[in-house]
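The structure appears right after this line, and notes come after that.
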Amino acid sequence: MAASFPKTAYLEQVVDLMKVGLIVVDAGGFIRVYNQRAKEIFCMAPPGGPSHPAGRAQKGDIVLFADSALGGDDGGLVPADLALLGVNPASILPGSPVVAVGRIGAPVGNARWASGPGEIMEVETSLCGLDLKAVLNTTTKSMSLFVGGHPYEYRYYNCAAHLVLLDSEGSLKFYQARGYTARREAAKEVLLGVAYRGKGDHATQLQAEGRHLLEVHPEGRGIQRLLEVAQGRASAIYEREYDINGFPVRCTVLPLKHHETVSGGMLLVEDISEIRSLHKQRDQAVQFARQLEVRLQSDEAGDAPFAQIIGRSESLLQATALARSCASTNSTVLLTGESGTGKNLFAWAIHQSSPRRDGPFVQVNCAAIPEPLLESELFGYEHGAFTGASRRGKPGKFELAHGGTVFLDEVGDLSPALQAKILDFLQDRTVVRVGGLRPRTIDARVVAATNQDLAQAVSRGTFREDLYYRLHVVTILLPPLRERRGDTDLLVDYLLPRVAQRTGRKVQGISASARQLLRSYRWPGNIRELENVLEQAVNMCTGIITDEHLPPALRHPAQSAANVVVYGAGPLKEVLEQAERQAIKQALQACDGDRNQASRLLRISRSSFYAKLRDLES
């Protein structure tokens, strides 16, 4: 007979398995339920890292300190508080960024500090035989405190303070970590001697149940709304964004009733810090790109790689200007547009116009490599990772792109598993080879491309939302050829000599009537289709390209449209098969029956060409 399992135990497990944070308070504001996900979102459990026991700051302790905005999410620090470290408060303004290294109780003026406007602030000194350094980067929103070369890193979203506490002998006593507000370890509290909690081996679980809500979450708009709803003084809210304890979250607040009387409130909370951060990165990158646009347009060296992007239409010029502008940054770029619009050419031009131009440009077609091989192709593999693996292992495309750019073409075709691995790389810039354990740090810029609508793919659940926002930093839409009025003639004049040279044929030019047919066609295959049509015409003529050298679809558009209607009356499969048969016949005719040349003309492998030819002849 199965052992009994109390109902409350079921409920506790269900609550802790929820993917959203759940906080329940009674009408008095006391916490009754605080699930595991909520603790994770607000980092109530001390994070992993070096261990230190609980304790408090004392006179003589060494402090490394960084604050993005004095008085903002640091416990309410004011300039006078910094005198405790030996900083001269007269040189500090409220709300300004500060970095400092000093001792608690030292005379004013004895510390090393920096404050004021600037992207990067840094101070360093030596104490107790240790090299100490504090660095604040307000652009990347990162703080780094170095103790003898060991970094204590902290990244923030709006504002924050970060500190490391060493005893008078230089041993670690405390370091700041995410979730300090819930643990009552804000910078001011620690500096003024309020007891702090242990970490690592000395960590203890912080209990929220039974405490008043304002003890765990100092009053803010989201917390105030929960208290108001719990007391019946406000109505429910749905999916509203707030900052709670410095964390951007999406909140739903609902009243809880007993016998039709409001007796408490429930807060459902989702972490949106990553999405918020990506939005900011995207906005900053676009703003920076616009600022550079005018200057870079006049830079001849910067323009050279974009010289192969041919066209004068407004939509193309806007896309080219944005690509040229963001080329000098390290921002991730997403190229979107129909097949054949030149996404690979844009990616190459961005790389060649960037500071990484001397590094490798590695292109990966995510749709062309079989799924079982794609992971090892992208990330490499170690010896023995699978049957047939090289004894020496093999680096992946990301490793090969170190110092340069990796171009992920057709990124929308990635499987969910590979989407997760690409996301991991974009987050920490490391890769782990298949069959390996050691992460490898890679310095490679990512340019991705797709002809799919990734926003719709996210809605359908076929593409990860977090990866979408990681890629969607600078997005450049390449216009289809049918929307680029006047560009067809420019492209013909640019492509024709190159096609003739590639095929070894001499062409004197193209007739006016043939040009008109090219201008009036809608080009569903875009520039790639135009280049293929020109290559077919070059193979068929010995002098000037005329109407007869162009495919029937261009010479007789009305007839072609009528044929589509007739074909369309049947199943789509039959329509596609008939179109393939027609294309193969025209390719063989243009190449005088040479099957190898015909397969190259159609841009398909010989094996695929012969398979389709067998179907045609059967």
Notebook entry, point to check: How would M540, M121 rank on accessible area, largest to smallest, probe 1.4 Å?
Noted result: M540, M121
Checklist line | 0 to 90° range, to nearest 10: angle between helix 416-428 axis and the chain longest Cα axis | finding: 60
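Counting only protein heavy atoms and a 1.4 Å probe, tell me what percentage of the chain's accessible area is made up of carbon and sulfur. Could the numbers behind the result be given before it?
Numbers: 15520 of 30380 Å².
Its accessible area is 51 percent carbon and sulfur atoms.
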Checklist line | Total charge dipole magnitude, segment 375-459, about the Cα centre, Cβ charges on Lys, Arg, Asp, Glu only, Debye to nearest 20 | finding: 520
Note to self: As I understand it, the value is the acute angle between the Cα axis of helix 221-230 and the longest principal axis of the Cα atoms of the chain; what does it come to in degrees, rounded to 10?
What the structure shows: 70
Margin query: Tell me the Rg and the Dmax, in Å, that the Cα atoms of segment 212-260 produce.
Written below: 11.2, 36
Notebook entry, point to check: Efficiency by 1/(1 + (r/R0)^6): what FRET value for D131 and D358, r their Cβ-Cβ distance, R0 = 56 Å, to the nearest 0.05?
Noted result: 0.95
Check: Rounded to the nearest 500 deg cm²/dmol, what is the calculated helix-only ellipticity per residue at 222 nm for the chain, with -39500 (n - 2.57) per DSSP H run of length n ≥ 4?
Finding: -10500 deg cm²/dmol
Next item on the list: Please work out the average accessible area per residue across segment 397-465, using the 1.4 Å probe convention, and give it in Å².
Entry: 42
Margin query: Can you work out the Karplus-derived ³J(HN,Hα) for every residue in segment 339-348? Use 6.51 cos²θ - 1.76 cosθ + 1.60 with θ = phi - 60°, whole Hz, and x for glycine or proline.
Written below: 4, x, 8, x, 5, 5, 5, 5, 4, 4
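Rounded, prolate or oblate: which fits segment 340-458 when a ≥ b ≥ c are the square roots of the eigenvalues of the alpha-carbon gyration tensor, with rounded for a/c under 1.5 and prolate only if a/b beats b/c? Intermediate values should be presented prior to the final figure.
Values: a/c = 1.82, a/b = 1.31, b/c = 1.39.
Since a/c reaches 1.5 but b/c is at least a/b, the shape of segment 340-458 is classed as oblate.
Rounded, prolate or oblate: which one fits the chain, using the alpha carbon gyration tensor with axes a ≥ b ≥ c (rounded when a/c is under 1.5, else prolate when a/b beats b/c, else oblate)?
Details: a/c = 2.48, a/b = 1.92, b/c = 1.29.
Prolate shape, in that a/c is at least 1.5 and a/b is the bigger ratio.
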Notebook entry, point to check: Simple spin-label model, 7 Å along Cα-to-Cβ: K19 to E153 in nm?
Noted result: 2.8
Notebook entry, point to check: Around V123, which amide H atoms from residues at least 5 apart in sequence, or from another chain, sit under 5 Å from its own amide H, with H modelled in the peptide plane?
Noted result: A134
Check: Among G311, V15, G232, which residue has its Cα positioned farthest towards the positive end of the charge dipole of the chain, with +1 placed on the Cβ of Lys and Arg, -1 on the Cβ of Asp and Glu, and the dipole taken about the Cα centre?
Finding: G311
Check: Given the protein chains as shown and a 1.4 Å probe, how many square angstrom of C43 are accessible, to the nearest 10?
Finding: 30
Check: What is the sum of charges around E382, taking Lys and Arg as +1, Asp and Glu as -1, for the other residues whose C-beta is under 14 Å from the C-beta of E382?
Finding: +4
Check: Karplus couplings for segment 110-118 from phi (6.51 cos²θ - 1.76 cosθ + 1.60, θ = phi - 60°), rounded to Hz, Gly and Pro as x?
Finding: 7, 7, 9, 8, 8, 7, x, x, x
Next item on the list: Compute the acute angle (0 to 90°) between the alpha-carbon long axis of helix 606-617 and the principal axis of greatest extent of the alpha-carbon atoms of the chain; round to the nearest 10°.
Entry: 50
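When Lys and Arg each count +1 and Asp and Glu each count -1, what net charge do the other residues less than 11 Å away from I31, Cβ to Cβ, add up to? Don't skip to the answer; put the middle values down first.
Values: positive: R32, R211; negative: D26, E209, E215.
Overall, the nearby charge balance is -1.
The values are calculated or read from the model by the stated rules, or taken from the named source; none is laboratory data. Keep in mind it's a predicted model, so treat the numbers as computed, not measured. Note: ideal-geometry Cβ built from the backbone for every residue, glycine included; neighbour counts use all protein chains shown. These accessible areas exclude ligands, DNA and RNA; they are computed on the full protein's heavy atoms, side chains included. Shrake-Rupley method; radii C 1.70, N 1.55, O 1.52, S 1.80 Å.
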